[in-house]
Amino acid sequence: MFEWIRHLRFGNKFGYETFFREQDRRPIGKTGIILSDLGMPESYRPDFYINFMDHVFKYSLPLFLQRYILADRGIALIDPANPLAREPFVPLQLVDMNGSFTNQKGRPYAECEVIWRPPGMKKNPADHGYFLYTKDGKGGAADVCQKTGAKVVGWYYGHLVPEKKVAWEYQCKCVYEETVSALKEKFPQAEFRHAYYTYEESLSQTVEDLLAKGCETIVYQCFCNPVYSDFEDYAHALPKIHRFAKRRAKIICADQLGNQPALRQGYVQVIRDQLDKLPSQARILSHLKSF
């Protein structure tokens, strides 16, 4: 109820940004620090993509539409050879969000009775349709979220990523370990934890771990988003941290990395290097349109 009132006060567009910008940043007692990233796994995991897409729709849709649009009507299927189809066609193969090409009895989905579902957002060229199989009951998530999972496992991991792995988890772990090593030298009494903000259980367990260590202040920072957004930070991860803490510790939202002089200077240098390669009489706008 308290969060709902706060959201009304600050509005849907900017969410809780005003609240976090006006927060008291003076720590009290022992301090715990949460360094968080998106949590994209190295190998395909359907729950990651379902969690992310569920947040996309709940963030963007009014409550009265969520029940209808986020309904689980069956098993959503994508043909990896034609994943972005907007019109009905005869599929060669069909895969579900778990990476299976067959139903519960082992029969290929492509041989089963399926229903074509057109794009939900017909005016959006990036949206696409999918097939729906209903004979085995529900799919375990909203159809519109399932179709993203099926596209990722069947097309991205099945065709676009030969190694079937992405380096995000490994790279973020390296950043976390290097950062903690540097911070421990300056703040030896602080507790440090790594969290994945896409997973509620990760944020919740991290908060509980720090409270168990006697932390009276918890500082949260996302290190994979140089610029904080209402979508992922101000109206998603940060309110969850507050809710999980249940006023048992003071919560401080650390500043976004994009406000740090070193990082800002890095971006300026990248732009300067690019500009140096352009002819002196070049029109920058025309070069931007070529990207």
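The values are calculated or read from the model by the stated rules, or taken from the named source; none is laboratory data. What you are looking at is a predicted structure, and each value in this text was computed from that prediction instead of being measured. A quick note on method: Cβ atoms are made from the backbone with ideal geometry, for glycine too, and the neighbour counts reach across all protein chains shown.
Tabulated data
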read-out	value
Boolean, LYS138 is among the charged types (D, E, K, R) and under 27 Å from LYS105 (Cβ atoms)	yes
Positions within the range 70-89 being out of contact with any strand residue (DSSP E or B) (no Cβ under 7 Å at 6 or more places or on another chain) and over 15 Å from HIS128 (Cα atoms), in sequence order	LEU70, ALA71, ASP72
Residue in the range 218-231 that is among the aliphatic types (A, V, I, L, M) and either at pLDDT 95 or above or within 22 Å of THR31 (Cα to Cα) (or both) present	yes
Any hit, the range 60-74, residues being surrounded by fewer than 17 Cβ atoms within 10 Å (Cβ to Cβ), outside any loop (DSSP other than H, G, I, E, B) and aromatic (Phe, Trp, Tyr)	yes
Failed item in (1) farther than 20 Å from GLN256 by Cα; (2) surrounded by 14 or more Cβ atoms within 10 Å (Cβ to Cβ); (3) in contact with a Lys or Arg (Cβ under 8 Å, 6 or more places away or on another chain), with GLY214 passing the rest	(2)
Count of the range 102-121 residues which are free of Cβ contacts under 8 Å to residues at least 12 places away in the same chain and either loosely packed, with under 15 Cβ neighbours inside 10 Å or in contact with a Phe, Trp or Tyr (Cβ under 6 Å, 6 or more places away or on another chain) (or both)	5
Residue count, the range 105-161 (criterion: over 19 Å from PRO46 (Cα atoms), touching an Asp or Glu at 6+ places or on another chain (Cβ under 6 Å) and not in a loop (DSSP other than H, G, I, E, B))	0
Count of residues meeting criterion [over 13 Å from the mean Cα position of the chain (by Cα) and outside any helix (DSSP H, G or I)] in the range 204-231	12
Selected residue [touching a residue at least 60 places away in the same chain (Cβ under 8 Å), under 19 Å from the mean Cα position of the chain (by Cα) and within 23 Å of GLU17 (Cβ to Cβ)] from TYR234, TYR170	TYR234
Scope the range 87-101; condition under 29 Å from the mean Cα position of the chain (by Cα) and surrounded by 12 or more Cβ atoms within 10 Å (Cβ to Cβ); matching residues	GLN93, LEU94, VAL95, ASP96, MET97, ASN98, GLY99, SER100, PHE101
Residue ID - modelled with the lowest pLDDT, chosen from residues in the range 13-42 that are farther than 26 Å from PHE192 by Cβ and assigned to a loop (DSSP other than H, G, I, E, B)	LYS13
Residues of the range 179-203 classified as in a helix (DSSP H, G or I) and under 18 Å from ILE252 (Cβ atoms), total	5
Residue in the range 249-260 that is under 14 Å from ILE33 (Cα atoms), in contact with a Gly (Cβ under 6 Å, 6 or more places away or on another chain), touching a residue at least 40 places away in the same chain (Cβ under 8 Å) and not assigned by TED's automatic domain parsing to the domain that holds MET53 present	no
Residue match in the range 269-291 (condition: outside the structural domain of CYS172 (by TED's automatic domain parsing), in a loop (DSSP other than H, G, I, E, B) and surrounded by 11 or more Cβ atoms within 10 Å (Cβ to Cβ))	yes
Among the candidates PRO226, PRO239, residue that is surrounded by 10 or more Cβ atoms within 10 Å (Cβ to Cβ) and touching a Gly at 6+ places or on another chain (Cβ under 7 Å)	PRO226
